[in-house]
1. Quick check on my filter: what residues within segment 90-107 are surrounded by fewer than 17 Cβ atoms within 10 Å (Cβ to Cβ), within 18 Å of Glu134 (Cβ to Cβ) and either among the acidic types (Asp, Glu) or within 23 Å of the chain's Cα centre (by Cα) (or both)?
2. Please count how many residues of segment 108-129 are open to solvent by less than 10 Å² (accessible area, probe 1.4 Å) and not hydroxyl-bearing (Ser, Thr, Tyr).
3. Enumerate the pairs (first residue in segment 57-85 and at negative phi; second residue anywhere and open to solvent by 30 Å² or more (accessible area, probe 1.4 Å) and of a type in the set (Gly, Ala, Ser)) with beta-carbon separation below 6 Å, excluding pairs fewer than 6 apart on the same chain, so at least 6 apart or on different chains.
4. Would you be able to say whether some residue in segment 102-116 is of a type in the set (A, V, I, L, M), assigned to a loop (DSSP other than H, G, I, E, B) and in contact with a Lys or Arg (Cβ under 6 Å, 6 or more places away or on another chain)?
5. Provide a single number: the residues in segment 48-81 that are of a type in the set (A, V, I, L, M) and touching an Asp or Glu at 6+ places or on another chain (Cβ under 8 Å).
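The values are calculated or read from the model by the stated rules, or taken from the named source; none is laboratory data. Please read these numbers as outputs of a predicted model, since none were measured by experiment. Cβ atoms come from the backbone with ideal geometry, glycine included; neighbour counts cover every protein chain shown. What goes into the accessible areas is simple: the full protein's heavy atoms, side chains included, and nothing from ligands, DNA or RNA. Shrake-Rupley method; radii C 1.70, N 1.55, O 1.52, S 1.80 Å.
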Amino acid sequence: MSDSTELLVLRLALIGMIFLFVLLAGVVLRSGLRPRRTAAAATRTAPVGPRLIVITPGTTGLRPGAEFQVAGEMTIGRDAGNGIILADPSVSGRHAAIMRVGREWTVSDLGSTNGTLVNGRAVDGRGHSLRGGEKVVFGAVVLRYQP
């Protein structure tokens, strides 16, 4: 073999080794970035405390089963400044509020156009206590309260 042929073979071998290294590094990094679901990790990431679970999303783009953690006093509505944003045209900009009163949670309507319902009954500004399992309706969006 001539010197130029040997040099070409060595260069091709080096390029092959670099390609193999990059491929192997990519596989290792990709598998290392995947979350590992152990029982302990599932317990840590599971939502704790009260939450609202989407039953009927309307045109919000949310999927049924999506959850909103409830904390402190939160407003619910279409505007970006709300704690829970429901981007559906049937939901008012500031539609309702959910807050802790004593040991229970209360939802109240904030003068929305299409109203707020709990288990089919209209809610006014004085609010309605939530115990668990209630269907709360904001316009065309239906959520379930889970304590």
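1. Answer for segment 90-107, where residues must be surrounded by fewer than 17 Cβ atoms within 10 Å (Cβ to Cβ), within 18 Å of Glu134 (Cβ to Cβ) and either among the acidic types (Asp, Glu) or within 23 Å of the chain's Cα centre (by Cα) (or both): Met99, Arg100, Glu104.
2. 1
3. Listed by first residue and then by second, the contacts come to Thr60/Ala87; Met74/Gly83; Thr75/Gly83; Arg78/Ala87.
4. Yes - at least one qualifying residue is present in segment 102-116.
5. 3
One line per residue, one yes/no per condition, for (1) over 16 Å from the mean Cα position of the chain (by Cα); (2) modelled with pLDDT under 90:
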{"residue": "Leu14", "(1), (2)": "yes, no"}
{"residue": "Leu33", "(1), (2)": "yes, yes"}
{"residue": "Val54", "(1), (2)": "no, no"}
{"residue": "Phe68", "(1), (2)": "no, no"}
